[in-house]
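Shown next, in structure tokens, is the structure this report addresses.
The values are calculated or read from the model by the stated rules, or taken from the named source; none is laboratory data. All values derive from a computational prediction rather than experimental measurement. FYI the Cβ positions are ideal-geometry reconstructions off the backbone, even for glycines, and counts take in every protein chain you see.
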Amino acid sequence: MANQEHLDKLQLRQNYRNLWHTDLMRTMQNDPPYCCLAFWCGPCVSYMLRKRALYNDMSRYVCCAGYMPCSGRCGESRCPEFCLATEVFLCFGNSVASTRFLLQDEFNIQTTQCDNCIIGFMFCLQQVACIFSIVAMIVGSEEISEASQILSCLADMVYCTVCACMQTQHKIEMDKRDGKFGQQPMAVPPPQQMSRLDQQYPPTVGYPPPAYGQSYYPPPSQAPGYYPHQASSGYPPAGYPPPGYPQR
């Protein structure tokens with residue numbers, strides 16, 4: 001029963017109807033210098049993007065944005081900068097994913113099927129490389145060992161490339177959020193707190209539920225180009241996608 005409730009709450013997050021300003025296939029085309037920076041200096045870029053996602057207010061920082069069991073238990077409030085640096089270097093993949101989920105839940109951004117395929121291929125290739133490495137150690141065959149090394153190298157290259165594209169995608173989305181495409185910057189959301197799937201409803205991940213009479217999201221005048229979350233099947237409305245998003 002508890003697992004079913006968790007699955008139902010995850011299903012709700014699939015109803016997000018905004019789109020990333022740039023999908024993963026076009027990030028290198030839209031911002032090649034930043035994509036190269038994210039490829040060669042991934043942890044540093046992850047640090048900068050998480051801090052920017054928090055509106056440069058590190059008092060709101062929680063390890064892995066509240067998605068992991070250790071979140072809120074690592075002394076983040078005493079030294080958030082050090083904790084974030086530790087996160088991006090020791091748990092780089094989690095740091096990139098946490099920033100992604102933070103942005104998606106703040107702005108109701110869905111992930112396209114193409115992006116899901118790219119991310120899924122990255123994970124599958126890593127699993128295949130791991131299996132080949134285990135088989136090579138057990139069998140002791142030089143051919144299988146060489147194949148496992150090639151697969152491991154290929155998996156690492158794909159991993160670094162996809163993470164760089166994801167971080168560039170996050171940067172472009174925050175450029176839009178901060179008005180660098182000619183729009184008004186958004187207001188700073190409330191302080192970040194832990195977000196777990198055992199909450200009664202899935203609020204904006206990383207942020208506390210609003211007080212009575214308040215909305216989860218900034219008013220439309222402060223969030224141009226974003227639609228609020230609706231779980232009904234009557235969307236998208238006329239004129240969707242919003243201005244600033246590429247037509248699908």
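Residues of segment 96-105 include at least one that is touching a Leu at 6+ places or on another chain (Cβ under 7 Å), closer than 18 Å to residue 45 by Cβ and part of a helix (DSSP H, G or I). Restricted to segment 112-158, and to residues that are touching a residue at least 60 places away in the same chain (Cβ under 8 Å) and not hydrophobic (A, V, I, L, M, F, W, C), which residue is surrounded by the fewest Cβ atoms within 10 Å (Cβ to Cβ)? The extreme case among them is 112. Note on segment 49-95: residues that are of a type outside the set (D, E, K, R) and in a loop (DSSP other than H, G, I, E, B) amount to 16.
Comparison of 155, 147, 53, 65 shows that the only residue that is aliphatic (A, V, I, L, M) and under 18 Å from residue 24 (Cα atoms) is 155. For beta carbons closer than 7 Å, sequence separation of 6+ or different chains, a first residue in segment 91-104 that is more than 13 Å from residue 173 (Cα to Cα) and a second that is modelled with pLDDT of 90 or more and aliphatic (A, V, I, L, M), the qualifying pairs are 95/88; 96/166. Please tell me if residue 46 is part of a helix (DSSP H, G or I) and surrounded by fewer than 18 Cβ atoms within 10 Å (Cβ to Cβ). Spelling it out, it is not the case that residue 46 is part of a helix (DSSP H, G or I) and surrounded by fewer than 18 Cβ atoms within 10 Å (Cβ to Cβ).
Has segment 64-79 got any residue that is buried (at least 16 other Cβ atoms within 10 Å of the Cβ) and at pLDDT 90 or above? No, segment 64-79 contains no residue that is buried (at least 16 other Cβ atoms within 10 Å of the Cβ) and at pLDDT 90 or above.
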